[in-house]
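For reference, the structure is listed below as structure tokens.
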Amino acid sequence: MKFKTVTHEFVEYVPDSLQPGVVYVSVKHATVVHSCCCGCRAEVVTPLSPASWTLVFDGATISLYPSIGNWHLPCRSHYVIRKSQVIWAAKWSEKRIEAARARDKALAREYFGDHQPTVASRSAVEADGGGEKPKMKRGWWRRRDR
Ligand SMILES: [Zn+2]
């Protein structure tokens, strides 16, 4: 089931099981995590930084910029969260995905230079199909003493 709206929760640590339709915002760890809005329940991590995502909280709703392209997931969903509304965008072609990846990398390089933190670029969050898997199951924004 595709979500048309989301709610948000400000948390210090992201919970282990994500409630679908809830966007968890950790200001402390500059990280936003939510369960994919297509309903596939995949965990989508969007770190906040000038080279990755920007969160806007207007006191009632949240917006995330730019769009969230889950091309590393089987669902390949692509959407924008704007004022807590999920605006569904077209699925990206392979060509466009490649272009976006390249642009993300260039942007991150421009901002971070040669010393790129692992989570701070949009491309770093995505699995590359093969090779390294993202270590997102229990990250540094999660409480470890449970
Ligand atoms: Zn999905």
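How would you classify the stretch 61-111 from its alpha-carbon gyration tensor, with a ≥ b ≥ c the square roots of the eigenvalues: rounded for a/c under 1.5, else prolate if a/b is greater than b/c, otherwise oblate? Oblate, because a/c is 1.5 or more while a/b does not exceed b/c. What figure in square angstrom, to the nearest 10, would you give for the accessible area of residue 40 with a 1.4 Å probe? Accessible area of residue 40: about 60 Å².
Just so you know, the Rg over Rh for the stretch 21-90 is 0.93, from Cα atoms, with Rh as the Kirkwood radius. Measuring only protein heavy atoms, the 1.4 Å probe finds residue 29 accessible over about 40 Å². A simple rule links phi to the HN-Hα coupling: the Karplus curve 6.51 cos²θ - 1.76 cosθ + 1.60 with θ = phi - 60°, which for the stretch 29-38 gives 9, 6, 9, 10, 10, 8, 8, 2, 5, 7 Hz, with x for Gly and Pro. In the context of the full protein assembly, residue 91 retains an accessible surface of approximately 140 Å², using a probe radius of 1.4 Å and ignoring ligands and nucleic acids.
Going by accessible area, probe 1.4 Å, with all protein chains left in place, what is the ranking of 53, 92, largest first? Don't jump to the answer; show the numbers that get you there.
Details: 53 15, 92 40 Å².
Ranking 53, 92 by accessible area, largest first, yields 92, 53.
Against the criterion of solvent-accessible heavy-atom surface with a 1.4 angstrom probe, 41, 96 sort, most first, into 41, 96. For residue 77, nonlocal amide neighbours, meaning residues 5 or more places apart or on other chains whose placed amide H falls under 5 Å from its own, are 70.
The values are calculated or read from the model by the stated rules, or taken from the named source; none is laboratory data. Predicted model only: the values in this text are computed from it and were never measured. In case anyone asks, the SASA skips ligands and DNA or RNA and just uses the protein heavy atoms, side chains included. Shrake-Rupley method; radii C 1.70, N 1.55, O 1.52, S 1.80 Å.
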